[in-house]
Amino acid sequence: MRKRPVLIGLTGNIACGKSTVARMLAEKGAYVIDADAIAHEVIRKGTPAYEAILQRFGEGILGPDGEIDRRRLGEIVFRDPAALRDLESIVHPAVLIEIQQRIQSGLEAPAIVIEAIKLIESGFARACDTLWVVTCSEPEQIRRLMNDRKLTEEEARVRIRAQPPQEEKIRQADVVIDNSGDLEATRRQVEQAWHQWVERGTI
C-alpha cells in the first residue's frame with residue numbers, strides 16, 4: 001500500500017523567500033498549495049469575505065474596478081494590530097476551507113506543501129507533519145520589498161515590524177532554510193531537507 005504524502009508546512013516572514021523554496025519543492029515533485037494566493041482569491045468581489053471586509057473597513061479600500069485594493073488595505077492593517085487581527089479573522093477561515101479541499105488533489109504526490117505566511121498563527125501548522133521556516137536578514141527583506149514590490153523603505157519596515165519576529169517561527173521549526181544568500185545555497189538546504197523528510201521518511 002502506497003504511503004500518504006508528507007504534509008510540509010512552509011512559512012517565513014515577508015520577503016524571506018517562501019515562494020522560491022516552494023518552486024524548488026515543486027521541481028522535486030511536491031504538490032504546492034499557495035495559501036497566500038488563495039487569500040487573494042477568497043476576497044474577490046462577490047465573496048462572503050469581500051463583503052465582510054468591506055463592512056469592516058469601508059469603501060475607501062476599493063480600487064476603480066470595485067475589487068479590494070490590497071495596497072490600500074495593507075496601509076491600514078500593517079499600522080494597526082487590531083485591524084490586522086480583524087482582517088485575519090475574516091480571511092483565515094475561508095482560506096483553511098479551500099486548503100483542505102485542495103489537499104485532496106495532491107494525494108498522489110510524494111509531498112504536499114502548504115505555503116503560508118500565517119501558517120503558525122492560523123493554527124494550520126499543527127496539522128502538518130513537519131514545519132519548514134524560510135529566513136533571511138532584515139536588510140535583505142527591505143531590499144526585496146523595495147525592489148520587487150516598489151515599497152518605500154518606511155513602508156517595508158512597517159510591514160516587517162507588523163509580523164512576529166522570525167525567531168518565534170524558528171523556535172517551532174523542524175527545518176530552517178536561510179535564504180539570505182544565493183539560490184544555490186538555498187537549493188542545497190532544500191535538497192538536504194527533502195532527503196531527510198520525504199525520501200528517508202523521517203515521520
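The values are calculated or read from the model by the stated rules, or taken from the named source; none is laboratory data. A quick note: this is a predicted structure, and the numbers were derived from the prediction, not measured. Here the Cβ positions follow ideal geometry from the backbone for every residue, glycine too, while neighbour counts run over all protein chains shown.
Values computed for the structure shown
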| quantity | calculated |
| --- | --- |
| Criterion (touching a Lys or Arg at 6+ places or on another chain (Cβ under 9 Å), among the charged types (D, E, K, R) and closer than 23 Å to Q141 by Cα) met by exactly one of D36, D86, D69 | D36 |
| Qualifying residue in the range 147-159 (condition: touching an Asp or Glu at 6+ places or on another chain (Cβ under 8 Å), among the polar types (S, T, N, Q) and modelled with pLDDT of 95 or more) | no |
| Single residue of S89, S122 found to be exposed (fewer than 15 other Cβ atoms within 10 Å of the Cβ) and not aliphatic (A, V, I, L, M) | S89 |
| Selection from the range 169-184 of residues that are without any contact (Cβ under 8 Å) to a residue 40 or more places away in the chain and either farther than 26 Å from L7 by Cβ or of a type in the set (D, E) (or both) | G181, D182, E184 |
| Residue match in the range 64-72 (condition: over 19 Å from the mean Cα position of the chain (by Cα), closer than 21 Å to R23 by Cα and either at pLDDT below 95 or not aromatic (F, W, Y) (or both)) | no |
| Residue that is farthest from G12 (Cα to Cα), among those in the range 134-184 that are small (G, A, S) and in contact with a helix residue (DSSP H, G or I) (Cβ under 7 Å, 6 or more places away or on another chain) | A156 |
| Residue within the range 179-192 that is at pLDDT 95 or above, in contact with a Cys (Cβ under 7 Å, 6 or more places away or on another chain) and either of a type in the set (D, E, K, R) or closer than 30 Å to R72 by Cβ (or both) present | yes |
| Residue among R171, R187, R143, R149 that alone is of a type in the set (D, E, K, R), within 18 Å of R70 (Cα to Cα) and out of contact with any strand residue (DSSP E or B) (no Cβ under 8 Å at 6 or more places or on another chain) | R149 |
